[in-house]
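The values are calculated or read from the model by the stated rules, or taken from the named source; none is laboratory data. None of the values given here were measured: they were computed from a predicted structure. Every residue, glycine as well, gets a Cβ built from its backbone with ideal geometry; the counts of neighbours run over all protein chains shown. Quick note on the areas: whole protein, heavy atoms, side chains included, nothing else; ligands and nucleic acids left out. Shrake-Rupley method; radii C 1.70, N 1.55, O 1.52, S 1.80 Å.
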Amino acid sequence: MQLIGLTGGIASGKSTIASRLAEHGAVIVDADRIAREVVEPGRPALAAIAERFGPGVIAADGSLDRPALGAIVFADEESRLALNEITHPAVLAESTARFAAAGAADPDAIVVYDVPLLVESANEYPFDLVVVAHAAAPTRVERLVALRGMDRAEAERRIGAQATDEERLAVADVVIDTDGSLERTREQVDALWERLRSRDSG
C-alpha cells in the first residue's frame, strides 16, 4: 500500500485532483468528511466540544451548531487551538483505521488522504509522498467569488487564515499547478498516477 497526502488551500483545485485520482482507482480518504463524522451526536468528540465551549454550540436536535462554534473559534485563537486538540486526534484515529482497512482489502492499494489542513495540523502521518495543489492567491479569490458566491473580502480573509503557500510548498514532494486549464491539471494528475503505479510495481 502507498499512502499519499494531498493538500492545498481553499479553492486550490484539490478536489479536482482527488476526483481524477479516484477515476484512476485510488482509494480516497476525505479528512473533511471524517471531521464532520467524528462530531456527530453520540460521538465522544462532540461531548468534549460541548464541555469545552458550552451548550450554546449544540443545536436543538443535539447536533453541532457549526455557525455558533465558528463564531467562537474564528474570533479567538486560543479557542481554535482548543477545538483542534479535540478534533484532530479523533480525525487521525478514524483516518488511520481507514488506511488500515484499505491496505487489508488490497495490499497494492494507492490510498490518497485528502487533508486540507495538513500543514496546520500537529499530526504526524506516514506518507510515502505529499502532493500539493497550488494556485496563486488571486486565482483562488476569483474562484471563491465566481464559483461559491463568496464576498471578495471574505474570500481573502479565508485564504489569509490558512497556511501560506510557502509553508505548503515546503512539505511538497509533488506540486500540481492548477492555475491553468482543467485539462492541464488533469495531465499533471495522470502523470502522477503513472509515477505511483511504477513505484508500486518497482
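A few comments on the model shown:
- Net lengthening on full extension, E142/E194 (0.36 nm per residue, minus Cα-Cα): 15.6 nm
- Dividing the helix sum by the residues of the chain, where each DSSP H run of 4 or more adds -39500 (n - 2.57), gives a mean residue ellipticity at 222 nm of -17500 deg cm²/dmol.
- The stretch 119-185: GluC sites (Glu not before Pro) in DSSP loop, at most 13 other beta carbons within 10 Å: E124
- In the complete set of protein chains, residue-level accessible area for L118 is approximately 20 Å², probe 1.4 angstrom.
- Whole-percent carbon and sulfur share, accessible surface of the chain, 1.4 Å: 52
- Taking 0.36 nm per residue of sequence separation and removing the Cα-Cα distance, the A60/A161 pair yields an extension gain of 33.4 nm.
- Cα gyration tensor shape for the stretch 82-147, rounded if a/c is under 1.5, else prolate or oblate: oblate
- Once the Cα atoms are used to define both axes, helix 137-148 deviates from the longest principal axis of the chain by about 70 degrees.
- Near S63, once Lys and Arg are set to +1 and Asp and Glu to -1 for all other residues with Cβ below 15 Å from its Cβ, the sum equals -1.
- Counting DSSP beta bridges with both ends in the chain, the antiparallel % (nearest 5): 5
- Charge context of E23, other residues only, Cβ under 11 angstrom, K/R +1, D/E -1: +1
- The structure shown yields percent of Cα pairs over 25 Å apart, and of the options [x] 35; [y] 39; [z] 43 that calculated value carries the label [z].
- Straightening the chain between A47 and D76 buys 8.4 nm, computed as 0.36 nm per residue apart minus the Cα-Cα spacing.
- Relative contact order (%) - the stretch 29-89, alpha-carbon pairs under 8 angstrom, separation at least six: 29
- Low-density loop positions, trypsin sites (Lys or Arg not before Pro), the stretch 41-100 - DSSP coil, at most 16 other Cβ in 10 Å: none
- Sites listed here are trypsin sites (Lys or Arg not before Pro) in the stretch 158-202 whose DSSP assignment is loop and whose Cβ has at most 11 other Cβ atoms within 10 Å, and the list is empty.
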